[in-house]
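Worksheet for the structure shown next.
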């Protein structure tokens with residue numbers, strides 16, 4: 001169980017446990033599955049990056065600028081767009097890294113998730129918060145469990161939601177069962 005995690009994650013999980021609290025289930029998201037979701041963004045970022053490179057090179061007169069004239073600085077306006085494109089193309093690998101540094105835990109008292117690298121975000125789900133679990137299950141039995149929804153306003157003032165929970169976990173039905181038992185305040189095995 002916990003011994004299958006990297007040492008720094010083992011230490012983080014142990015430091016989160018309260019005295020007398022015992023682990024019932026521990027898991028991590030499937031990093032490869034989540035990474036493939038990130039590759040879907042390539043349909044946007046490949047043309048974005050290609051156009052940004054073409055525009056920047058075209059703004060330079062299809063030559064390497066010498067920066068001897070003030071007009072040689074104009075292609076530099078394309079650099080932020082190239083960087084955005086490169087960031088978007090690298091996003092599947094950042095998603096994979098995040099998944100490798102995420103742990104989901106169910107104890108006999110609560111559920112929690114640890115996400116991060118140097119800085120960790122800990123989300124606690126007490127039995128009272130586990131009343132409306134949403135399960136998204138795939139054909140292979142893996143899936144996602146939505147445990148909470150956080151609403152916020154974006155920069156335009158539109159309402160947006162952020163679904164929080166356990167993502168990309170195998171045997172999602174079994175984990176949902178453990179969470180339902182915890183929510184009912186029953187003793188977990």
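Laboratory data are not the source of any read-out in this text; all were calculated from the coordinates shown. Worth saying up front: this structure is predicted, and the values here are computed from it rather than measured. Counting neighbours? That spans all protein chains shown, and the Cβs are built from the backbone with ideal geometry, glycine included.
Sorted from longest to shortest, the spans of the Cα atoms of the range 49-127 along the three principal axes equal 69, 20, 18 Å.
Against the chain, whose longest principal axis comes from its Cα atoms, helix 79-100 is set at around 20 degrees. Note on the range 38-95: Cα-only Rg and Dmax are 13.4, 42 Å. Here the chain carries DSSP beta bridges of which approximately 100% are antiparallel, counting only pairs with both residues inside.
For residue 185 and residue 159 in the same chain, what is the full-extension length gain: residue separation times 0.36 nm, less their Cα-Cα distance, in nm?
Numbers: separation 26, 0.36 × 26 = 9.36 nm, distance 3.37 nm.
Once the chain is fully extended between residue 185 and residue 159, it gains 6.0 nm.
Helix content alone sets the calculated 222 nm mean residue ellipticity of the chain: runs of n ≥ 4 DSSP H residues at -39500 (n - 2.57) each, divided across all residues, give -12000 deg cm²/dmol.
Axis angle, to the nearest 10 degrees, between helix 7-16 and the longest C-alpha principal axis of the chain: 50 degrees. Averaging Cα coordinates gives a centre for the range 119-161 and one for the range 1-78; these two points are 22 Å apart. Taking each residue as 0.36 nm, the span from residue 23 to residue 136 lengthens on full extension beyond its C-alpha to C-alpha distance by 38.3 nm. Mind pulling the angle between the C-alpha long axis of helix 172-183 and the longest principal axis of the chain? Nearest 10 degrees, somewhere in 0 to 90. With rounding to tens, the tilt is 60 degrees. If the chain linking residue 8 and residue 100 were pulled fully straight, counting 0.36 nm for each residue of separation and taking away their Cα-Cα distance, it would gain 32.0 nm.
Please give the FRET efficiency for residue 63 paired with residue 84, using the beta carbon to beta carbon distance and R0 = 35 Å, rounded to the nearest 0.05.
Numbers: r = 24 Å, r/R0 = 0.69.
Calculated value: 0.90.
Among 102, 126, rank each residue by its count of other Cβ atoms within 10 Å, from fewest to most, as a rough exposure measure.
The most exposed by this proxy come first: 126, 102.
Across the range 38-95, the relative contact order, built from alpha-carbon pairs under 8 Å that are at least six residues apart, equals 53 percent.
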